[in-house]
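All remarks here apply to the structure that follows.
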Amino acid sequence: MGVLLLGVAIAVELFFMIWSFVKKDRHDPEKMIVRAGSVVLLILLLLCGVLQGMFRYGLFLFILILQAGIGYLIWRKKKDQPYQTGKQIAKCIGNCLLYTFALFLAILLPQYKEPVVTGSHEVAVADYTWVDESREETYVNTGEKRAVTIKVWYPKEEGTYPLVVFSHGSFGTADSNTSTCTELASNGYVAVSIAHPYQAAYVMDTNGKVTIVDQKFMSQVYDDNGDDTPEGESHVFNNSREWMKIRTGDENFVLDTILAKAESGEEPFAMVDPEKIGLFGHSLGGATAVELGRTRNDIDAVIDMEGSMFGEYLDFKDGAYVYNDEVYPIPLLDMNSREVYDQAAALPETNGVTYINFHTGENAKDFHEVIINGISHLNFTDLAMVSPALASLMCQGTASSGHATVNARVATETINAIILEYFNYYLKDSGELNLQEEYL
């Protein structure tokens, strides 16, 4: 809608400019009438819900009101202003730039239809910030302890429910997969999303403190991505070891804290079933979930959404990775876009292995692999719906082009349905597991 409004606004400006050229007249009264009518129409569209979100359209509405008001004052004075071609061109260009600025949020964050929530439970949401006294924050030199903020979605109805914990990807947020967590909670899960400070785009803790992504971490991620040379792979291995130590520390801390609070009867964690725990994550968060699935003995199932399983690398020496050959002990689902899967399959072999995820899958006790056609890397998050332009921009320079061909909401609903089916089967012992090899 933002692009459409901008196109109409620019077309109107061009029409008046051309009309002015032809008639050698400023047409101030006509412009005032058109802008006043636009104000009325915009307000009606906002009131009836066709346009949603004053944060998207409020500035544009304000500018139209201001322009209509100025036009009215000029008309009331009944003082003819001299026509000047240069001024008309300048005004047209200035107004077009002004409208573009005013509608920037509407274009960056367009309206979208929320994914369907299929569960019958009413969902509550809460935020918590916990300090891990056993770990010092390594991204700053203040000596402070590592603080982790989580968001929890849970059924309002009393009961005992499986616990599922989500870890976002690089530059993600605790809200990255809100639709997935809402869908799970509506179907009888306690869904927890971890915000990893300094690796997230931003984290706002429960005291209002905002922590933005660490610039060194951001540079490491983008510099390492796609570098398949031995030197590049060595950097990837060393950097990923550092990232994974922090992330697995966060997730272990959160899991242990939740289970302790569940045992003590603290709400809403008292409704958690400690015998039914699943992990899932996107990108680097998927790698985190996979590593904890191997190292903890209380995890029942893991889902990796297009994340290279860094924890399955044991070492990098003599220009090649050393892979973990031990059987992956619990059910594991690996989800990838067709684009990334094909790129991984085309990688040259190293010690008989093309891609670490394939190797882990071949050595897993219970492994499933799903390919989603027509999506990009960030379609595994809500960002592709919330801001298609930003999602595409963030994919540039990575293994995924960001050029999705499937409607973002449809892709999200498909992915959420797969996740729900998988966890229902392994955490609730309900339903059948009929995963397709490919979707969409």
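Helix 408-427: angle to the longest alpha-carbon principal axis of the chain, degrees 0 to 90, nearest 10?
20
For Cα pairs less than 8 Å apart in space and 6+ apart in sequence, what is the mean separation divided by the residue count of the chain, i.e. the relative contact order in percent?
That works out to 12 percent.
What whole number of Å gives the distance from the Cα centroid of the range 232-308 to the Cα centroid of the range 154-178?
12
Decide, for the range 333-440, between rounded, prolate and oblate: order the square roots of the alpha carbon gyration tensor eigenvalues as a ≥ b ≥ c, take rounded if a/c falls under 1.5, and otherwise choose prolate if a/b is larger than b/c, else oblate.
Oblate.
Determine the dipole magnitude for the chain: charges of +1 sit on the beta-carbon of Lys and Arg, -1 on that of Asp and Glu, nothing else is charged, the reference point is the Cα centre, and the result goes in debye to the nearest 20.
Here the size comes out at about 3880 debye.
What spacing in nm lies between the two simple spin-label points modelled at Arg241 and Gln436, each 7 Å away from Cα in the Cβ direction?
4.3
Place the peptides 91-103, 207-219, 279-291, 144-156 in order of packing, highest mean first, counting for every residue the other Cβ atoms within 10 Å and averaging per peptide.
Ranking the peptides 91-103, 207-219, 279-291, 144-156 by packing returns 279-291, 144-156, 91-103, 207-219.
Ignoring ligands, DNA and RNA, what accessible area per residue does the chain give at 1.4 Å, in Å²?
47
What does the C-alpha gyration tensor say about the overall shape of the chain? Classify as rounded when a/c is under 1.5, otherwise prolate if a/b is larger than b/c, or oblate.
It comes out prolate by the Cα gyration axes.
Do any of Lys156/Lys276; Lys145/Lys245; Lys156/Lys428; Lys261/Lys365 go past 24 Å between their Cα atoms, and which?
Lys261/Lys365
Among the aspartates and glutamates, which fall within straight-line cross-link reach of Lys87, defined as a Cα-Cα distance under 12 Å, with same-chain neighbours fewer than 8 residues apart omitted?
Asp25
Tally the DSSP beta bridges in the range 205-325 and give the antiparallel ones as a percent, rounded to 5.
About 45 percent, rounded to the nearest 5.
Tell me what the chain gives for mean residue ellipticity at 222 nm when only DSSP H runs of n ≥ 4 count, each as -39,500 (n - 2.57), the sum divided by the residue total, rounded to 500 deg cm²/dmol.
Value at 222 nm, helices only: -15000 deg cm²/dmol.
Between Leu314 and Gln111, what FRET efficiency comes out of the Förster formula 1/(1 + (r/R0)^6) with R0 = 56 Å and r the beta carbon distance, rounded to 0.05?
Approximately 0.70, to the nearest 0.05.
Keeping the other protein chains in place, figure out the carbon and sulfur percent of the accessible area of the chain, with a 1.4 Å probe.
57
Which shape class applies to the range 101-146: rounded if a/c is under 1.5, otherwise prolate when a/b exceeds b/c and oblate if not, where a ≥ b ≥ c are the square roots of the Cα gyration tensor eigenvalues?
oblate
The values are calculated or read from the model by the stated rules, or taken from the named source; none is laboratory data. Note that the coordinates shown come from a computational prediction; the quantities given were computed from them, not determined experimentally. Every residue, glycine as well, gets a Cβ built from its backbone with ideal geometry; the counts of neighbours run over all protein chains shown. What goes into the accessible areas is simple: the full protein's heavy atoms, side chains included, and nothing from ligands, DNA or RNA. Shrake-Rupley method; radii C 1.70, N 1.55, O 1.52, S 1.80 Å.
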